[in-house]
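The values are calculated or read from the model by the stated rules, or taken from the named source; none is laboratory data. Since we're looking at a predicted model, the values are computed, not measured. All Cβ positions, even for glycine, are placed from backbone atoms using ideal geometry, and neighbour counts span all protein chains on display. Surface accessibility is based on the protein's heavy atoms, side chains included, excluding ligands, DNA and RNA. Shrake-Rupley method; radii C 1.70, N 1.55, O 1.52, S 1.80 Å.
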Amino acid sequence: MSANYKITGPDGQSLADLPLVEGTLGPKAVDVRGLYGNSGMFTYDPSFNSTCSCESKITYIDGGEGLLMYRGYPVDQLAKHSSFIEVCYLLLYGELPTAAQLEEFDTAIRYHTMINESLKSFFGGFRYDAHPMAMMAGVVASLSAFYHDTTNINDPEHRNIFARRMIAKIPTIAAAAYKRSVGQPFMYPQNRLDYCSNLLHMLFAVPAEDYEVDPIAAKALDVLFILHADHEQNASTSTVRLAGSTGCNPYAAIAAGITALWGPAHGGANEAVLRMLDQIGDISQADKFIAKAKDKSDPFRLMGFGHRVYKNFDPRATIIREYCHQVLEHLGMENDPKFELALKLEQVALEDDYFKEKKLYPNVDFYSGIIYKALGIPVSMMTPMFAIARTVGWAAHWQEMTADPGNRIGRPRQVYTGSEQRDYVAVEKR
Ligand code: SDX
């Protein structure tokens, strides 16, 4: 039994006696659920820097060690030995699949990649230059209108069908958004193709000619998707959990996650990195922009740098940087100026006291955009790529929360700093 934490007031009076919550790994937590009832006081942690919102078995991060594990398996081992589909199974069901289980899961995903034909008209309602994330959020939110048969969130089978359906269809929806934005006809999924080959085919094939998927490109996407699949209680996953805690249908919760991911401080950073590299132009400007990033009066930030949890390197960035070399070399782009600039920025930043003191290292978004661009994926489709990969993480967390019998609606409180009570004044007396 772990010791309790006693909260005492300024006069030494005992305010609360709070138990500790201990997990398998990581810091202990003070269970403050009884604090308000016993002391009349709230805790205050606006960006949840020191706050656990739940218990979870899915992903573990050690920010100091630069460690990321899915269900206990280090992500560098999964990136090296596994596949995105196998990692989806692991995140959803908690164990690596047997060959038969993987075969069944992979087949189930392949045979659910088509979207309802009437959904195609939804894309036509968007302006041609609508951001693909706007289209994805809108279309995913509408999915509940097509699946009345499986929205009983208390039925484990319905929860399982939702997760497989969402993982299967999100690439088709993302590719359709891209095709809408370039004015090309949608390409239907091909069940003969694996997950990432199918996505590349839906993105870049046209009805007018055959399209052969580059297996190196498909493998690069597969590794990137493994690295982006889940990341504990990040902003978009916490959004999915909070939305889902109201009992809304799971498609609405995933749509909320998509909108949260879109922000440049989160999943929108990969797009922002590419735009930043364009803005910097070439290596000769690196020092000027590093100075801007350090200038408090300048809103410029070095996008793709820094992380709330990793105060050391982001293990995903290290793997992606290595992959960058391989993919660019395979594509004959080893001298890609953007990659050169990114490497130089990383080198200059990591030698700079400001970045070292604030422990700002490249994060998952710093190099991913360079690979996406080398694969022909436009900047506007980079955050959608992140959303495709993260859908399994969102689905796994939604399932874990919804299956928990102790699950309650999330409802934070506040420190009120507004006006004290006052009486209404008629307009003629104001
Ligand atoms: C993702 O949560 C997750 O796990 C997210 C993610 C996932 O897989 O789900 O890992 C994916 O979102 C990665 C992060 C992508 N975002 C960016 O690359 C945007 C640029 N980075 C920053 O906006 C920032 O670093 C955050 C948002 C990532 C982290 O913000 P924090 O933890 O709130 O840190 P902060 O803003 O308080 O910064 C601490 C200090 C500040 O200086 P001081 O006020 O202490 O003087 O560091 C500075 C910041 O000004 N700082 C930066 C900086 N990031 C932080 N200065 C220059 N450039 C930067 N990129």
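Under the simplified labelling scheme, the residue 216-residue 67 pair shows an inter-label distance of 3.5 nm, with each label point 7 Å from Cα along Cα→Cβ.
In the chain, the sites counted are GluC sites (Glu not before Pro) in DSSP loop states with at most 15 other Cβ atoms within 10 Å, and the longest stretch holding none of them, exclusive of the sites, is 213-333. Spherically averaged projected area of the convex hull of Cα atoms, segment 357-430: 13.0 nm². Placing +1 on the Cβ of every Lys and Arg and -1 on the Cβ of every Asp and Glu, with nothing else charged, gives segment 1-119 a dipole about its Cα centre of roughly 200 debye. Considering every alpha-carbon pair of segment 150-189, the percent of pairs per 5 Å bin, from zero through the bin containing the longest distance, is 5, 24, 19, 15, 12, 12, 9, 4, 1. All alpha carbon pair distances within the chain were sorted into 20 Å bins beginning at 0; the resulting P(r) in whole percents reads 24, 53, 21, 2. Annotation for segment 272-348: chymotrypsin sites (Phe, Trp or Tyr not before Pro) lying in DSSP loop with at most 15 further Cβ atoms inside 10 Å of their Cβ are 300. Could you give the angle, 0 to 90 degrees to the nearest 10, between helix 235-244's Cα long axis and the longest principal axis of the Cα atoms of the chain? Once rounded, one gets 70 degrees.
Close amide H pairs (under 5 Å, H built 1.01 Å from N) link residue 67 with 62, residues at least 5 positions away or on another chain.
Please go through segment 9-61 and write out the chymotrypsin sites (Phe, Trp or Tyr not before Pro) that DSSP classes as loop and that have at most 10 other C-beta atoms within 10 Å.
Values: sites: 36, 42, 44, 48, 60; in loops: 42, 44, 48.
Listed in order of number, the matching sites are 44.
Taking θ as phi - 60° and the Karplus parameters 6.51, -1.76 and 1.60, the scalar couplings of segment 47-53 work out to 10, 6, 5, 10, 10, 8, 9 Hz in sequence order, x denoting glycine and proline.
Counting only protein heavy atoms and using a 1.4 Å probe, what share of the accessible area of the chain belongs to carbon plus sulfur, as a whole percent?
On the way: 11260 of 21630 Å².
About 52 percent, which is the carbon plus sulfur part of the accessible surface.
With a Förster radius of 60 Å applied to the C-beta separation of residue 146 and residue 11, the computed FRET efficiency comes to 0.45.
Shown here: segment 172-253, whose C-alpha atoms stretch 47, 27, 22 Å along the first, second and third principal axes, sorted largest to smallest.
Please give me, ordered by residue number, the trypsin sites (Lys or Arg not before Pro) of segment 56-139 that lie in loop per DSSP and have at most 16 other Cβ atoms within 10 Å. Kindly include the intermediate steps, with their values, before the conclusion.
Details: sites: 57, 71, 80, 110, 120, 127; in loops: 57, 71, 127.
Here the trypsin sites (Lys or Arg not before Pro) that fit, given the DSSP loop and packing criteria, are 57, 127.
As I understand it, the value is the acute angle between the Cα axis of helix 195-204 and the longest principal axis of the Cα atoms of the chain; what does it come to in degrees, rounded to 10? The angle comes out at about 70 degrees. Compared with the dominant Cα axis of the chain, that is its longest principal axis, helix 382-403 is turned about 50°.
Apply the Kirkwood formula to segment 284-430: the hydrodynamic radius equals the inverse of the mean of 1/r over all pairs of different alpha-carbon atoms; give it in Å with one decimal. Let's see the in-between values first.
On the way: mean 1/r = 0.0518 Å⁻¹.
Computed over Cα pairs of segment 284-430, the Kirkwood hydrodynamic radius comes out at 19.3 Å.
Around the amide H of residue 16, modelled in the peptide plane, lie the amide H atoms of 7, all under 5 Å away and 5 or more residues distant in sequence or on another chain. The phi-based Karplus calculation (6.51 cos²θ - 1.76 cosθ + 1.60; θ = phi - 60°) puts the 3J(HN,Hα) values of segment 309-319 at 9, 6, 9, 9, 5, 7, x, 5, 5, 4, 5 Hz, whole numbers, x for Gly and Pro.
Accessible area per residue for segment 68-200 is 43 Å², calculated with a 1.4 Å probe on protein heavy atoms, without ligands, DNA or RNA. Considering helices alone, the calculated mean residue ellipticity of the chain at 222 nm is -15000 deg cm²/dmol, with DSSP H runs of length four and up weighted by -39500 (n - 2.57) and normalised per residue. Taking the square roots of five times each eigenvalue of the Cα gyration tensor of segment 1-151, the equivalent ellipsoid has semi-axes of 42, 25, 15 Å, listed largest first.
Residues of segment 328-342 with an amide N closer than 18 Å to a point placed 7 Å from the Cα of residue 351 along the Cα-to-Cβ direction: 340-342. Which is farthest toward the positive dipole end of the chain among 102, 10, 160, measuring Cα position about the Cα centre, with Cβ charges +1 (Lys, Arg) and -1 (Asp, Glu)? Sorting the options by dipole projection puts first 10. Looking at the square roots a ≥ b ≥ c of the eigenvalues of the Cα gyration tensor of segment 253-308, which shape do they give, rounded for a/c under 1.5, prolate if a/b is larger than b/c, or oblate? Since a/c reaches 1.5 and a/b is larger than b/c, the shape of segment 253-308 is classed as prolate.
The three principal axes of the Cα atoms in segment 104-208 give end-to-end lengths of 41, 29, 19 Å, sorted in falling order. Over segment 166-212, all Cα pairs binned in 10 Å intervals from 0 give whole-percent P(r) values of 30, 58, 12, listed from short to long. In a fully extended conformation the segment linking residue 278 and residue 209 would gain 21.6 nm over its present Cα-Cα distance, using 0.36 nm per residue. Computed over the chain, relative contact order equals 19 percent, with contacts defined as Cα pairs under 8 Å that lie 6+ residues apart.
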